[in-house]
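Participant: Dumping the structure here so I can ask a few things about it.
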Amino acid sequence: MVRINLARLRKDLQELGEIGTTPEGGVWRSSFSEADMEARRWYVKRLEEAGLQHWVDAAGNIYARVGEGGPAVIAGSHLDSVPNGGRFDGVLGVMAALECLRSIKDHGVQPRLPIEAVAFTDEEGRFGGFVGSFAVIGTMTYEEILRRRDLRGMPLADAMRQVELDPTNIGAARRDPKDIKAYVELHIEQGPILESMEVPIGVVQGIVAGSRTWITFHGRADHAGTTPMAMRQDAFLGAAEFGLRARELVLMEGSGTTVGTVGVMDLKPGASNIVPDTAFLTLDLRDISGEVLQRLLERVGVLAHETAEKWGLAVTVERMRLSEAARMSPHIQAVIDEVARDLGHKTHWMNSGAGHDAQVMAKITEAGMIFVPSRQGRSHSPAEFTDWDHVENGANVLLNTLLRLATS
């Protein structure tokens, strides 16, 4: 079986990990930021050095390809990161896909179908997430772009124009499903299961449904020293109670595996001697069942208005993203498992509690995911790390999975 060049892949990952570094040792490459654009330029240079056919589409997705004709077998992930995130999330899938193309060229392999690598735009969610993959399947319309903005109020359309992308042309990024045979994504697990089981390869069966909701409580700014407690319209109190009640909602009415997170809270005017007139928070909800998630989201809106009424506040609820749960292709799961075992690796079949571009691509093609262990299960943190032997194992499974899909 064909093997990747680990030394080359490791060098790439280490170099890329120096772009957008933070004092804590993590990385911060939010989509369309200067760090993200530097990473994109660096990646394109690697494609040029490899002599690969490559292009950037109307959503900013970066493609490379070996072979001609179609339909294509595609592998990839994303280059952007969460704030102060890790050096493997997303980029492992992108750089391993590139390494697969280089290895195919190195070994003179000529698959029957073309194989592509892709780096998707804004998977992590500065502008709601999955901008690139939604564009590929045709659901990221110009109207949707106009609706999206980041936490600081920057419109997605403006951010695209700043990097010379035309948001009105987003439809050009759509791929005809007939031109894609399969999509496969290599990713770190981002959890502790594989490491605890001492299993090197995870075969992903399904990916959770996820939502991001922005909730803003509106009260009245008053003097913190002269306004009696009973006469205040303190926006923070609404947000604080909502956060606690949202937790109870997940525990009491969720499926048992539902998770909910208030990850951002911002108070305004933001002074210690002023009663807050505005409290903004984000709520991230996830469950493997789309029906459970939809039911909880309906309850979230009711809960927000009940809480606002209790504290004499107004409230706005904005759903910024909703991604459906996705089942990975049984055929691709079987191919991944077979390849891994042929390479001498044990496998564990599992679901993903994190969202990935694979769940979007599953709407238009067969999709699959390969997981490799995360040390101590850490991710979205500077402590994120995957041992290099696991990187090599995962990349070799990816390479030979792509080849089997492209030659069958």
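Participant: I'm checking my understanding of the structure. Among residues of the range 48-78 that are under 19 Å from Leu398 (Cβ atoms) and small (Gly, Ala, Ser), which one is surrounded by the fewest Cβ atoms within 10 Å (Cβ to Cβ)?
Facilitator: Ala50
Participant: For Ala39, state whether it is modelled with pLDDT of 95 or more, crowded, with 18+ Cβ neighbours inside 10 Å, farther than 20 Å from Ile4 by Cβ and touching a helix residue (DSSP H, G or I) at 6+ places or on another chain (Cβ under 9 Å).
Facilitator: yes
Participant: Looking at (1) crowded, with 24+ Cβ neighbours inside 10 Å; (2) more than 30 Å from Val27 (Cβ to Cβ), which is the only condition Gly368 fails?
Facilitator: Condition not satisfied by Gly368: (2).
Participant: Please go through the range 178-209 and pick out each residue that is of a type in the set (A, V, I, L, M, F, W, C) and within 15 Å of the chain's Cα centre (by Cα).
Facilitator: Result: Val184, Leu186, Ile188, Ile207, Val208, Ala209.
Participant: Is the range 58-70 home to any residue that is within 15 Å of the chain's Cα centre (by Cα) and assigned by TED's automatic domain parsing to the domain that holds Ala383?
Facilitator: Checked against the condition, which is being within 15 Å of the chain's Cα centre (by Cα) and assigned by TED's automatic domain parsing to the domain that holds Ala383, the range 58-70 yields at least one hit.
Participant: How many of the residues in the range 367-408 are at positive phi and assigned to a helix (DSSP H, G or I)?
Facilitator: 2
Participant: Give the range 79-98 a look and list any residue that's within 21 Å of Glu392 (Cβ to Cβ) and either without any contact (Cβ under 8 Å) to a residue 12 or more places away in the chain or outside any loop (DSSP other than H, G, I, E, B) (or both), or say none.
Facilitator: Listed by number, the residues that qualify are Val91, Leu92, Gly93, Val94, Met95, Ala96, Ala97, Leu98.
Participant: I'd like the full set of residues that are closer than 19 Å to Glu366 by Cα and assigned to a loop (DSSP other than H, G, I, E, B), limited to the range 107-166.
Facilitator: If the condition is that a residue be closer than 19 Å to Glu366 by Cα and assigned to a loop (DSSP other than H, G, I, E, B), then Pro111, Arg112, Leu113, Pro114, Phe130, Gly138, Thr139 are the ones that fit.
Participant: Can you name the residue in the range 233-270 that is assigned to a strand (DSSP E or B) and not charged (D, E, K, R) and, of all such residues, is surrounded by the fewest Cβ atoms within 10 Å (Cβ to Cβ)?
Facilitator: That would be Gly263.
The values are calculated or read from the model by the stated rules, or taken from the named source; none is laboratory data. What you see is a predicted model, and the numbers here were worked out from it, not measured in a lab. Heads up, the Cβs are rebuilt from the backbone with ideal geometry, glycines too, and the neighbour counts pull from every protein chain shown.
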